[in-house]
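Peer 1: Input: one structure, supplied below.
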Amino acid sequence: MVNGPGETTLDVSRETYERLNDFADLLIKWNPKINLISRASLPDLWTRHIADSIQVFRAAPPAEHWVDLGSGGGFPGVVTAIMAAESSPDTQFTLIESDQRKAVFLRTAARTCGLQKFTVVSKRIESADPQNGDVVSARALADLSTLIGYGYRHAAPDGTMLFPKGKTWGKEVEDARAKWNFDLSAVTSEIEPEGALLIIKGVSRD
C-alpha cells in the first residue's frame, strides 16, 4: 500500500495511486483553462480534494450504479471511480455535469485513468433522466435540502446519498428536515474536523 505526496495518508494500492496521480496531473494541466478547482486550493489538491473524495468512497455501501451530481473537476466522481476500479470493477459510474467543458475534462480523465464503466451526462441535474443509483454523491454543490431533492430524483428507492458538508452541516440538516423526511448518519470528516460526511437514506417528502 502507498500514500499520497507529502504527509497525505491515502492507504491505497500502487495501481490506484498511479491512477490518482495521473488524474491529479491532468487536473493541474487543465485547471488554468477551465477553473476546475480554485487556484488557492491547488496546493491542497491531495489533502483537500482527493483524500476527501476517498473518504466518501470508503463510507459507501456496495453499489452496482453510482451517480455523482455536479461533478465539476471530478470530486468525488472520478476519484470514487478510480477507487472502485480495483475493488469493485463492475460498478457503473454516471457523472452528471452540465458545463460542457468540464464534461469533456471528465471524459478525458476517464480515458487517461483507464476507467471503463464510466459515463458523463452533459445535462442539468434536474433535467437529466432519473438514474436509479444505488449510491448518489455530490460535493460542494448546493445546500442539503437542494441536494436531497436532486438525490430523490436520481437515487433508487433504497439508495444511499453521500454528501460531505462543512461546519454548518447541523443547520443544513435542520433546514432540510422542514421539507424532507430522511434517516441520517453523520460521520466526522477526516479532512475537516468541524465538518461531516452525511449518509442519508429513506428519503420522502414531508
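Peer 1: Contact list please: Cβ distance under 7 Å, first residue in the stretch 96-116 and among the hydroxyl-bearing types (Ser, Thr, Tyr), second residue surrounded by 15 or more Cβ atoms within 10 Å (Cβ to Cβ) and in a loop (DSSP other than H, G, I, E, B), pairs at least six apart or on different chains.
Peer 2: From the stretch 96-116, the pairs are 98/122.
Peer 1: Only one of 45, 10 is touching a helix residue (DSSP H, G or I) at 6+ places or on another chain (Cβ under 8 Å), in a helix (DSSP H, G or I) and of a type outside the set (Gly, Ala, Ser). Can you tell me which?
Peer 2: 45
Peer 1: Here are some conditions: (1) free of Cβ contacts under 8 Å to residues at least 60 places away in the same chain; (2) of a type outside the set (S, T, N, Q); (3) farther than 22 Å from residue 144 by Cα; (4) surrounded by fewer than 23 Cβ atoms within 10 Å (Cβ to Cβ). Residue 81 meets all but one. Which one does it not meet?
Peer 2: The single condition residue 81 does not satisfy is (4).
Just so you know, all these numbers are worked out from the coordinates, no wet-lab data involved. Only a predicted model underlies this, so the values are computations on that prediction, with no experimental measurement involved. Positions of Cβ are backbone-derived with ideal geometry, glycine not excepted, and every protein chain shown enters the neighbour counts.
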